[in-house]
Amino acid sequence: FLEKGIDTLSIARHIEQAKKDMDISLEGVLQNPGPIHTLRDLKVTSVILTGLVQRMEHERQLLESSLNQLTTYRERIDSLTGNATLMDFPDDSVTLVKYLAKLLIAAKDLDPTDSTLRQSIFNVQELQTKIDLAEYELNANLDQVEQRRETLSGLTMARELPLTAPEKSFREGWALSWRKDVLALQHYLEHQLLLIFFLFMCVLTSWRFLWVLKSKLNQDQPLNTEQALVVRYPVISAIIIVFSLFQFLFPDPPFLVNLFFWGLPALLLTFVFSGYISVLWLRFWITTLVLFLLASADNLLLQASTMERWLMGGLSLAGILHGGWHLSPARRSSLREKRILYFILFLVLIEAAALAFNFAGRYNLAKILMTSGYFGLVIAILFLWTLRLINGGLAIASNIYQQPDRHLFFINFNRVGANVPSIFYLALVAGWLVLVGRNFYIYAKLAAPFVSFITDQRTIGSYSFSIKGMLIFITILACALFLSRLISFFAGEDHSQQPPQGKSKLSLGSWLLLVRIGVISTGLFLAVAAAGIPLDRITIIVGALGVGIGLGLQGLVSNLVSGLILAFEKPVNVGDLIEVNGNLGTMKSIGFRSSTIALVNGSVNIIPNSDILNHQLVNWSMGKKQVRANLTVGVAYNSNLEQVQAILHKAIEAQDNVLKTPAPLVVVKAFSDSSIDFDLFFWVRMMAEVYPTKSAVLLAINAAFNEAGIIIPFPQTDIHLTQDNNRKTDAARGDEQAG
């Protein structure tokens, strides 16, 4: 344990690094402050200090866990000295000497370990003291920063700077700002790894879905250009849609995270625009994007300076002229998305206010308004185009998947429709207000009670929980279930009657159950870990489920185990042609409880997995694909059997579907009641050719028999009536004579 325990040197380096990062974050705020404090500088400092506090808390938990284990070992070693068994000395003097020698050897062996253990406990306790001091200092500085943020936000309307003021050099201010921005990003992202992974999976899933739609669109009739925009570049569309919707899951992110969620989709949206919107509005978007990036670069500056104020004034004036010029009636008529005009008007008004407050010396308010104008316009355009892309995807999906396989995927695109619900528009408007409102400190004050309600710990009995943990658990588990069904949807997207080509799709379909179980199991594990649910609670739940399984869920467990057997043993694969209880069909999917078989009559049969294993299963696809067909033909008793046999051979061999090897066989079967029966045996390439080939052979035989004059008899029965003459009545004789 001592060799494989925690790395105390690494923790010590983390503590030293935390002190250095704290000093960087406090530069210009509590250390060497500039002419005024800026809200952006205080916000970035707060993010850095919060991340450092979380890191120290994590290191503290590691040290506490290690110290508890070390203390347990120490107590167990110390308890040996008080063990009465060690004092039970033997009576024999020779044995006593040997016993004492063994005790001495054991003590010598234990002494280095005991010393190392004591030193390890001392080192851990010393690190705990350092972490306590560092955490205390971090929290004290964080409290001061938050107090200054609150005080400064209350003085937003007060005059802060004249047009010129003493300042640091612009280069020094930019270098310090960049270091602090990057530091804030680093400390924020190291606590959001799960969300980053989830973001990547959502982009991958969305790209796959759009790629499937694009492949279907190429095969079927083309749609109008507006709908096809979403599948023009599936990767770009997936990034725009997911980034626009996913960013709300990141709690109070630093500006570089927001810039990533806004800037990357905005740049990629230019490729979607190309060739669709007019040249005038494409230039408007490119100009807006350039001004947005300049405003973002200005927002990265944390120290106030005269040069920055002139830059802010220039950006505000550019926004007024740029937006006002495009609001003229001549240019509005060529705009397809009229709702963008409202946000252009928002840009003009907000930039006019920013310019006025800037020249009035209200630096913080002017900067917030200037950046909010550009951010609000870009976010609005991103959201409007996100809705347009989603509508295009739904329109294509509802056109392609007219009858989706509900067993594989539960979205009925016909019910969803070709447009998103109206509530979605309202949700994105609310989201726009949230994203723009994050630039103002008053937003944090208004959101604090809601955040507290979500994150506060609640206790029921001996169990503590938070609403945030419950929401995280439900969200991750629901996403795992959704992803499981989505994988089934992707594996079964081909709803045509053509058999799948190649082995890749069959292989994926055969392992589909195991993949889905793996996805759900991983989702459950991540949900439990993210929500912080104690494992002992899980043990209680599993025990309760065990009782329920023993009492009434035998059938469910039997079907689940049978599904695993089908997945591992593979007596049947997805895509195989099988026959169960006389029903012929194609295996479409193997689920948790049941499997889906598409019968040849067009219906879909849902069969419990246990029934597939318990009943006689015929797999026509296993082994060779060749199938032997047989027919029985009867001819009249006066027929030439050698001629009939030759005609039957010729009728079979004339068919292209009949294989030459194994050779067809015609044998005389039996002398039946009405005919002499022949059995015909021949092989075809696959099961689908059996019935058409049988039909062709029978037609050829019928034509050949008609030409040769061979009769196919119908069933005949001779009835002979006999009567005893001694018992005939007169009436019977009369009838007989009449006959």
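The values are calculated or read from the model by the stated rules, or taken from the named source; none is laboratory data. Because the structure is predicted, anything quoted here is derived from the model rather than measured. Glycine gets a Cβ as well: all are built from the backbone with ideal geometry, and neighbour counts include every protein chain shown. Only protein heavy atoms, including side chains, enter the accessible area calculation; ligands, DNA and RNA are left aside. Shrake-Rupley method; radii C 1.70, N 1.55, O 1.52, S 1.80 Å.
Taking residue 682, is it out of contact with any Pro (no Cβ under 7 Å at 6 or more places or on another chain), modelled with pLDDT of 85 or more and not small (Gly, Ala, Ser)? Steps first, answer last, please.
Numbers: out of contact with any Pro (no Cβ under 7 Å at 6 or more places or on another chain): no; modelled with pLDDT of 85 or more: yes; not small (Gly, Ala, Ser): yes.
Answer is no for this residue.
When the residues of region 82-92 are filtered to those that are loosely packed, with under 10 Cβ neighbours inside 10 Å and assigned to a helix (DSSP H, G or I), which remaining residue is farthest from the chain's Cα centre (by Cα)? Give the derivation first.
Taking region 82-92 first, the residues loosely packed, with under 10 Cβ neighbours inside 10 Å are 82-85, 87-88, 91.
Adding the requirement that they be assigned to a helix (DSSP H, G or I) leaves 84-85, 87.
On the way: 84: 61, 85: 60, 87: 64 Å.
Filtering region 82-92 for residues that are loosely packed, with under 10 Cβ neighbours inside 10 Å and assigned to a helix (DSSP H, G or I), the one farthest from the chain's Cα centre (by Cα) comes out as 87.
Given the criteria open to solvent by 50 Å² or more (accessible area, probe 1.4 Å) and basic (Lys, Arg), does residue 60 qualify? Working first, answer last.
Numbers: open to solvent by 50 Å² or more (accessible area, probe 1.4 Å): yes; basic (Lys, Arg): yes.
The answer is yes for residue 60.
Please go through (1) of a type outside the set (Phe, Trp, Tyr); (2) modelled with pLDDT under 85; (3) on the phi < 0 side of the Ramachandran plot for residue 317 and return the number of the only condition it doesn't satisfy.
Status for residue 317: all satisfied but (2).
Just one of (1) exposed (fewer than 12 other Cβ atoms within 10 Å of the Cβ); (2) closer than 18 Å to residue 7 by Cα trips up residue 79, so point out which.
Here residue 79 clears every test but (2).
What's the total number of residues in region 704-739 that are modelled with pLDDT under 85, hydrophobic (A, V, I, L, M, F, W, C) and part of a helix (DSSP H, G or I)?
3
Looking at (1) open to solvent by 100 Å² or more (accessible area, probe 1.4 Å); (2) at pLDDT 85 or above, can you tell me which one residue 701 breaks?
(1)
From the list 44, 29, which residue is assigned to a loop (DSSP other than H, G, I, E, B), modelled with pLDDT of 80 or more and not small (Gly, Ala, Ser)?
Working: 44 fails: assigned to a loop (DSSP other than H, G, I, E, B).
Sole residue among the options that is assigned to a loop (DSSP other than H, G, I, E, B), modelled with pLDDT of 80 or more and not small (Gly, Ala, Ser): 29.
For the structure I just gave you, tell me whether residue 297 is at pLDDT 85 or above, exposed (fewer than 15 other Cβ atoms within 10 Å of the Cβ) and not polar (S, T, N, Q). Give the derivation first.
Details: at pLDDT 85 or above: yes; exposed (fewer than 15 other Cβ atoms within 10 Å of the Cβ): yes; not polar (S, T, N, Q): yes.
Yes.
Here's the yes/no breakdown for (1) open to solvent by 60 Å² or more (accessible area, probe 1.4 Å); (2) among the polar types (S, T, N, Q):
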residue	(1), (2)
610	no, yes
625	yes, no
635	no, no
645	yes, yes
655	no, yes
690	no, no
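Mind listing whichever residues of region 247-262 are out of contact with any Lys or Arg (no Cβ under 9 Å at 6 or more places or on another chain), within 18 Å of residue 431 (Cβ to Cβ) and crowded, with 17+ Cβ neighbours inside 10 Å? Let's see the steps before the verdict.
Residues of region 247-262 that are out of contact with any Lys or Arg (no Cβ under 9 Å at 6 or more places or on another chain), as a first pass: 247-251, 256-257, 259-262.
When the remaining residues are screened for being within 18 Å of residue 431 (Cβ to Cβ), the result is 247-251, 257, 259-262.
Once the filter is applied, which keeps residues that are out of contact with any Lys or Arg (no Cβ under 9 Å at 6 or more places or on another chain), within 18 Å of residue 431 (Cβ to Cβ) and crowded, with 17+ Cβ neighbours inside 10 Å, region 247-262 yields 247, 250, 257, 259, 261, 262.
Tally up the residues in region 276-323 that are out of contact with any helix residue (DSSP H, G or I) (no Cβ under 7 Å at 6 or more places or on another chain) and more than 29 Å from residue 389 (Cβ to Cβ), please.
4
For region 709-719, indicate whether the set of residues that are hydroxyl-bearing (Ser, Thr, Tyr), open to solvent by 50 Å² or more (accessible area, probe 1.4 Å) and within 30 Å of residue 600 (Cβ to Cβ) is non-empty. So that I can check it myself, show each step before the final result.
Within region 709-719, the subset hydroxyl-bearing (Ser, Thr, Tyr) is 717.
Then keep just the ones that are open to solvent by 50 Å² or more (accessible area, probe 1.4 Å); that gives 717.
From what's left, within 30 Å of residue 600 (Cβ to Cβ): none.
The answer is no; no qualifying residue exists.
Anything in region 315-342 that is part of a helix (DSSP H, G or I) and open to solvent by 90 Å² or more (accessible area, probe 1.4 Å)? List them, or say none. Before you say what the answer is, go through the steps one by one.
Within region 315-342, the first condition is being part of a helix (DSSP H, G or I), and the residues that meet it are 315-326, 329-332, 340-342.
Correct list: 321, 325, 329, 332, 342.
Hey, residue 309 hits all of (1) open to solvent by 40 Å² or more (accessible area, probe 1.4 Å); (2) at pLDDT below 90; (3) of a type outside the set (A, V, I, L, M, F, W, C) but one; which does it fall short on?
Here residue 309 meets the rest and fails (1).
Go through 299, 358 for me and flag whichever is assigned to a helix (DSSP H, G or I) and within 36 Å of the chain's Cα centre (by Cα).
Values: 358 fails: within 36 Å of the chain's Cα centre (by Cα).
Step by step, each of 299, 358 is checked, and only 299 is assigned to a helix (DSSP H, G or I) and within 36 Å of the chain's Cα centre (by Cα).
Given the structure, is residue 232 of a type in the set (Lys, Arg), more than 22 Å from the chain's Cα centre (by Cα) and modelled with pLDDT under 90?
Values: of a type in the set (Lys, Arg): yes; more than 22 Å from the chain's Cα centre (by Cα): yes; modelled with pLDDT under 90: yes.
In short, yes.
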